[in-house]
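The values are calculated or read from the model by the stated rules, or taken from the named source; none is laboratory data. Just so it is clear, the model here is predicted, and its values are computed rather than measured. So basically every Cβ, Gly included, is an ideal-geometry build from the backbone, and we count neighbours across all protein chains shown.
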Amino acid sequence: MIWTLVILAVLVLYIISVYNGLVVARQRVKEAWSTIDTQLKRRYDLIPNLLETVKAYAKYEKKTLQAVIEARNSAMKATGTAQKGKAEEALSGTLKSLFALSESYPDLKANTNFLELQRELTDTEDKIQATRQFYNTVVLTLNTKIEMFPSNIFANLFGFQKGTFFEMDIEEARAARKAPKVKFD
């Protein structure tokens with residue numbers, strides 16, 4: 001009789017432990033996403049100031065400026081990890097083209113406000129990459145717990161869902177990794 005109660009108590013404690021481990025993993029995913037979201041909002045807030053600075057110097061570059069505005073708006077409206085990842089990649093691409101404009105406008109390139117905003121955006125991009133890596137690590141932990149036996153039984157029983165990785169498009173990743181071809185005449 002006592003052994004039955006001991007075994008039952010151990011089993012209940014084990015189920016509680018597995019459940020709590022799944023809850024902790026799910027909460028870490030939410031926390032990591034919140035950190036990414038904070039950095040993305042910081043980037044969104046910096047972009048209008050950068051655009052105003054560039055407008056003063058690059059009056060004939062409306063197409064590039066409009067592309068940045070549209071990409072920012074799309075990124076802010078994106079929902080879900082996959083859609084957000086694609087929108088953020090598009091925004092990063094338009095920001096690169098905006099920074100490339102400074103090469104054509106020496107006064108803009110020397111403007112301290114532009115340089116400070118560019119530095120802050122670069123710093124934010126680095127933080128986004130670091131938080132993205134952390135987020136993907138905690139998603140991996142959650143997904144592993146959900147798939148591993150016997151916690152997968154409890155994950156299914158209690159309705160735990162797998163997390164989605166925050167990553168860029170595979171084709172874009174491959175294109176980004178390709179080294180440029182250098183040709184000397």
Go through the range 132-185 and give me each residue that's β-branched (Val, Ile, Thr), at pLDDT 95 or above and closer than 30 Å to residue 42 by Cα. 137, 138, 139, 141
What do you reckon, is residue 49 touching a residue at least 40 places away in the same chain (Cβ under 8 Å), exposed (fewer than 15 other Cβ atoms within 10 Å of the Cβ) and part of a helix (DSSP H, G or I)? no
Which residues, taken from the range 135-164, are within 22 Å of the chain's Cα centre (by Cα), exposed (fewer than 15 other Cβ atoms within 10 Å of the Cβ) and of a type outside the set (Val, Ile, Thr)? 140, 161, 162
With the requirement that a residue be among the β-branched types (Val, Ile, Thr), surrounded by 13 or more Cβ atoms within 10 Å (Cβ to Cβ) and over 15 Å from residue 44 (Cα atoms), what does the range 95-131 give you? 131
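Quickly run through the range 57-94 and pick out the residues that are hydrophobic (A, V, I, L, M, F, W, C), modelled with pLDDT under 90 and surrounded by 16 or more Cβ atoms within 10 Å (Cβ to Cβ).
Applying the first criterion (hydrophobic (A, V, I, L, M, F, W, C)) to the range 57-94 yields 58, 65, 67-69, 71, 75-76, 78, 82, 87, 90-91.
Then keep just the ones that are modelled with pLDDT under 90; that gives 58, 65, 82.
Across the range 57-94, the qualifying residues are 58, 65.
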Mind checking which residues of the range 92-125 are of a type in the set (Gly, Ala, Ser) and within 19 Å of the chain's Cα centre (by Cα)? 92, 93
